[in-house]
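*Asks:* Dropping the structure in here first, questions after.
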Amino acid sequence: MPSDSKLTDLTLNAFAAALAEKTPTPGGGSLAAYVVACGAATVSMACRFTSGEKYAAVEAAMASRATRLDALRAQALGFVDADSAAYERVTAAFGAPKATDEQKAARTAGIQAAMKGALEVPLETMRAAADVLELAAECAAQINPNLASDLGSGVACCVAGLEAAQANVAINAASIKDATYVAARRADAAALRQRASTAAERARAALASTLTA
């Protein structure tokens, strides 16, 4: 794909095809971010349909949540390209010259810096997913029941996206030599997963009576 092209400008067919290619990017990190963006979108739709006379008591709160979800969707979409760009910097760092000791040292430092950058994007994807899930949990009990499946779909997307992002955090952490940095980021990821899990369970519990098969 041309360097000035954005993954988020591709059609769904083209994005899926790009994921399937034997190329380092886009990969799981970009997919995770896109799934979180889709989750935010469907939760915001559910909020917007919780409107009108029947929902007058909660309409303003739902509209406010929808606006916040729109911002999280935009943020997650930004991570789609940011994740691939971060990994391309890793690839470039591995391609740096290593003929002399000085070059080897610079290459190693460059690889380590790039790996940290590649870890930070999926960590932020996890944060966005947790934020969406908390908004979903806030509104689930009052959502228009006709949109319960959409809200549930959004929750499922964000859980999946968060788990995929955490896998990317873990794989990048394994290549980083800074033990203090790695421990802190792994702790951040674990905390975000716990926060997300708690919110997802709250949302699912509120939807359970509507979505019982």
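The values are calculated or read from the model by the stated rules, or taken from the named source; none is laboratory data. Owing to the predicted nature of the structure, the values given are computational and were not obtained by experimental measurement. So basically every Cβ, Gly included, is an ideal-geometry build from the backbone, and we count neighbours across all protein chains shown.
*Asks:* Only one of 99, 148 is surrounded by fewer than 20 Cβ atoms within 10 Å (Cβ to Cβ) and closer than 20 Å to residue 61 by Cα. Can you tell me which? Spell out the reasoning first.
*Replies:* Numbers: 99 fails: closer than 20 Å to residue 61 by Cα.
On inspection, the qualifying residue turns out to be 148.
*Asks:* Moving to a separate point now. Under 9 Å by Cβ, and 6 or more places apart or on different chains, what pairs join a residue from the stretch 56-79 that is more than 21 Å from residue 157 (Cα to Cα) and of a type in the set (Asp, Glu) with one that is buried (at least 18 other Cβ atoms within 10 Å of the Cβ) and at pLDDT 95 or above?
*Replies:* Filtered contacts from the stretch 56-79: 59/50.
*Asks:* Which one is nearest to residue 117 (Cα to Cα), of the residues in the stretch 42-62 that are surrounded by fewer than 20 Cβ atoms within 10 Å (Cβ to Cβ) and among the small types (Gly, Ala, Ser)?
*Replies:* As a first pass, look at the stretch 42-62 and keep what is surrounded by fewer than 20 Cβ atoms within 10 Å (Cβ to Cβ): 45, 48-49, 51-61.
Then drop every residue that is not among the small types (Gly, Ala, Ser), which leaves 51-52, 56-57, 60-61.
Details: 51: 42, 52: 45, 56: 45, 57: 44, 60: 39, 61: 36 Å.
Ranking the qualifying residues of the stretch 42-62, first place goes to 61.
*Asks:* Here is a further query. Considering only the stretch 106-115, I want to know if a residue exists there that is under 27 Å from residue 159 (Cα atoms) and outside any helix (DSSP H, G or I).
*Replies:* For the stretch 106-115, residues under 27 Å from residue 159 (Cα atoms) and outside any helix (DSSP H, G or I): absent.
*Asks:* Output the number of residues of the stretch 78-100 satisfying the condition of being touching a helix residue (DSSP H, G or I) at 6+ places or on another chain (Cβ under 7 Å) and assigned to a helix (DSSP H, G or I). If you could, list the steps in order and put the result at the bottom.
*Replies:* Filtering the stretch 78-100 down to residues touching a helix residue (DSSP H, G or I) at 6+ places or on another chain (Cβ under 7 Å) leaves 79-84, 86-87, 89-90, 93-94, 96-98.
Retained after the next criterion (residues that are assigned to a helix (DSSP H, G or I)): 79-84, 86-87, 89-90, 93-94.
Residues flagged as touching a helix residue (DSSP H, G or I) at 6+ places or on another chain (Cβ under 7 Å) and assigned to a helix (DSSP H, G or I) within the stretch 78-100 amount to 12.
*Asks:* Mind telling me which of the residues 75, 103 ends up being within 18 Å of residue 7 (Cβ to Cβ), assigned to a helix (DSSP H, G or I) and not hydrophobic (A, V, I, L, M, F, W, C)? Before you say what the answer is, go through the steps one by one.
*Replies:* Working: 103 fails: within 18 Å of residue 7 (Cβ to Cβ).
Of the residues listed, the single one that is within 18 Å of residue 7 (Cβ to Cβ), assigned to a helix (DSSP H, G or I) and not hydrophobic (A, V, I, L, M, F, W, C) is 75.
*Asks:* Still on this structure: List the number of the failed condition for residue 65; all other conditions in (1) among the basic types (Lys, Arg); (2) surrounded by 12 or more Cβ atoms within 10 Å (Cβ to Cβ); (3) over 20 Å from the mean Cα position of the chain (by Cα); (4) part of a helix (DSSP H, G or I) hold.
*Replies:* Going through (1) among the basic types (Lys, Arg); (2) surrounded by 12 or more Cβ atoms within 10 Å (Cβ to Cβ); (3) over 20 Å from the mean Cα position of the chain (by Cα); (4) part of a helix (DSSP H, G or I) one by one, residue 65 breaks only (3).
*Asks:* Going by the conditions given, is residue 74 among the hydrophobic types (A, V, I, L, M, F, W, C) and either at pLDDT below 95 or surrounded by fewer than 12 Cβ atoms within 10 Å (Cβ to Cβ) (or both)? Steps first, answer last, please.
*Replies:* Numbers: among the hydrophobic types (A, V, I, L, M, F, W, C): yes; either at pLDDT below 95 or surrounded by fewer than 12 Cβ atoms within 10 Å (Cβ to Cβ) (or both): no.
Criteria not met by residue 74.
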